[in-house]
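Report on the following structure.
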Amino acid sequence: MATIFLHAMVKELAGRSAIECVLDDPAPLGDVLRANLTERELFLIVDETGAVREHLNIFIDARKIKDLTYAIENATSVDIFPAVSGG
């Protein structure tokens, strides 16, 4: 089972902190998100062009990615949270 963890403001806006996903085969992250998140939750992560929102970080098993075609499998940990910025 792959687990998607939502952090900080993403978690607050989605109203939940983790989504467990059972995968039969490795699948692209984008497909897994579309299949397991509500439309509202998906909109928090992906923009209208289908790309990961600019100020969002996604780590898969502690590796930063922005490519929604990256294949994930069971036992994968996906962490999604807003980038930290200051000024």
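No value in this document is a laboratory result; all are computed from the given coordinates. Treat the numbers as computed from the prediction; the structure is a model and nothing was measured. Neighbour counts are summed over all protein chains in view; Cβ atoms, including those assigned to glycine, are modelled from backbone coordinates with ideal geometry.
Which ³J(HN,Hα) values in Hz, rounded to whole numbers, follow from the phi angles of the stretch 36-46 under the Karplus curve 6.51 cos²θ - 1.76 cosθ + 1.60, where θ = phi - 60° and Gly and Pro get x?
10, 10, 6, 4, 5, 5, 4, 4, 5, 9, 10
Per DSSP H run of at least 4 residues, take -39500 (n - 2.57); add these up for the chain, divide by its residues and hand me the 222 nm value, nearest 500 deg cm²/dmol.
-6500 deg cm²/dmol
So who's got an amide H within less than 5 Å of the one on LEU23, skipping anything under 5 residues away but keeping other chains? H placed 1.01 Å off N, in plane.
Those lying under 5 Å, H to H, from LEU23 are ALA2, ASN74.
Can you give me the distance in nm between label points at PHE59 and VAL84, each placed 7 Å from the Cα along the Cα-to-Cβ direction?
Roughly 1.0 nm, to one decimal.
So how far apart, in nm, are the two label points at ALA71 and ASP31 if each is 7 Å from Cα heading toward Cβ?
1.0 nm
Semi-axes of the equivalent ellipsoid for the chain, please: Cα gyration tensor eigenvalues, times 5, square-rooted, ordered largest first, whole Å.
After scaling each eigenvalue by five and taking roots: 19, 14, 13 Å.
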